[in-house]
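One structure is given here, and the rest of the page talks about it.
Please treat every number below as a calculation from the coordinates, not as lab data. Just so you know, these numbers come straight off a predicted model, no measurement behind them. Please note: Cβ atoms are built from the backbone with ideal geometry, for glycine as well, and neighbour counts cover all protein chains shown.
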Amino acid sequence: METTTMVTILQQLIRIQSVNGNEAEVARYIAGLFAPYGNRAVVETVTYAPGRDNLVVTIGNQDGPQLGFSGHMDVVAPGDLADWDGDPFGGEIKDGRLYGRGASDMKSGLAALVITMLEMLEQGEPTTGSIRLLATVGEETGEYGAAQLTDAGYADYLAGLVIAEPSGMTKLSYMSRGVIDYYVDSVGRSAHSANPQKGINAIDHLLAFYNEVNALMKTFDKMDPVLGGLIHSVDMISGGEQINSVPDHARLAANIRTTPAYPNKVIYQALEGLIEHLNQRPGFQLSITYSYPEEAIPGRVDGPMVKLAQKVGHRVMGRPIMPVGSAGANDGAEFRRAKRPFETIVIGPGSNTSHEANEFISVKQFLLSVQFYEQFALRFLGE
């Protein structure tokens, strides 16, 4: 495939405005790229919601090991358009950089995976195993596309998984933190502020939780040698309707970044135990809910995929690839719920402009990433 065609594929992906939705159009475009290969590429769409289709594409010999490629099709909003020097969905190239929302996170990685598979089809590869592309919806808002594909069994027979989230092709993540977003609602009783004794102040009770939960989370003090310690942050508090009324409702929202030392269920038990304890106090009516929690992903720095990626990456990129832990969650947490365990690595083209105005990817780095994925896949499958 000509390099100009590769770049055009990435530009076309960026021009599809899949901001927290509309992934179906991305899926249709990618599916169309595989259409000329007929039954040599098994293309499946898995609908999450109207306009939101996951895409699964499988090529190669399914009697051998199966390597998973993963990328998400959604992007975050561009923000204030005045902060951009051009059209966020234009895919314009300037001075060797391709600009646009998703250029780094992560349509360049997704495009590189797709192009790798197209190139392998052109060359009659792979023959000793198969590659399965898992292109997902909703990664930016909760990994629910990956959850749906996992529940449907699409990751059950993977021998390994490469996630093309942006790492600049200089690092690879072999383990990552998990995440728990939780909400605590406090229900009180409204009254005039001149007679507060007639009401129950929901904010007061929420603040009691706030003080105690911060102390509770500090007891989870095991340190991971790569990821560090558990992180807990209360990020939103709201309540009340007007300044002269006792509030009858208040809500707190918090984020926890976990490590493999503390499975999510351990944190749930602690939080729910605190809620139960506080609700024993007169007038307290607290409840807790969770939003798209993800388990931490353990890993080994000497894992076979890590070593292979370092070897291939050094040869392709011309410099060492550093194995690191990741503070952010990704689709891998969902895919690892599959029937059988497998190793996961995260490595992809990108810059430090993800989610920013004037997001970009180096065209050279993007093209090199295609070489990396192809050589890695062939080595992994024993070609």
The chain, Gaussian network, Cα under 10 Å: of His277, His72, His355, the residue fluctuating most is His277
Exposed loop trypsin sites (Lys or Arg not before Pro) only (DSSP loop, at most 16 other Cβ atoms within 10 Å): please give the longest stretch of the chain free of them, not including the sites.
1-217
Listed candidates (1) 0.94; (2) 1.22; (3) 1.05 - label of the one calculated as Rg/Rh (Cα atoms, Kirkwood Rh):
(3)
Candidates Ala253, Ala31, Ala296: whichever shows maximal mean-square fluctuation once the chain is modelled as a Gaussian network with Cα springs under 10 Å:
Ala253
Beta bridges by DSSP in the stretch 47-186, antiparallel share as percent, to the nearest 5:
45
Taking the DSSP beta bridges in the chain as the whole, what percent of them are antiparallel, to the nearest 5?
70
Computed over the stretch 254-383: relative contact order in percent, which uses C-alpha pairs under 8 Å that are six or more apart
22
The chain: relative contact order as a whole-number percent, Cα under 8 Å and 6+ apart
25
Reachable lysines from Lys222, Cα under 22 Å, same-chain residues fewer than 8 places away excluded?
Lys265
Proximal lysines to Lys364, defined as alpha-carbon separation beneath 26 angstrom and excluding residues fewer than eight positions away on the same chain
Lys94, Lys107, Lys171, Lys307, Lys311
Under a 10 Å cutoff between Cα atoms, tell me which one of Leu308, Leu161, Leu149 has the largest fluctuation in the Gaussian network model of the chain.
Leu308
Cut-off 13 Å between beta-carbons: net charge of the residues surrounding Ile275, Lys and Arg +1, Asp and Glu -1
-3
Excluding residues fewer than 8 places away in the same chain, name every one of the aspartates and glutamates whose C-alpha is closer than 15 Å to that of Lys339.
Asp151, Asp156
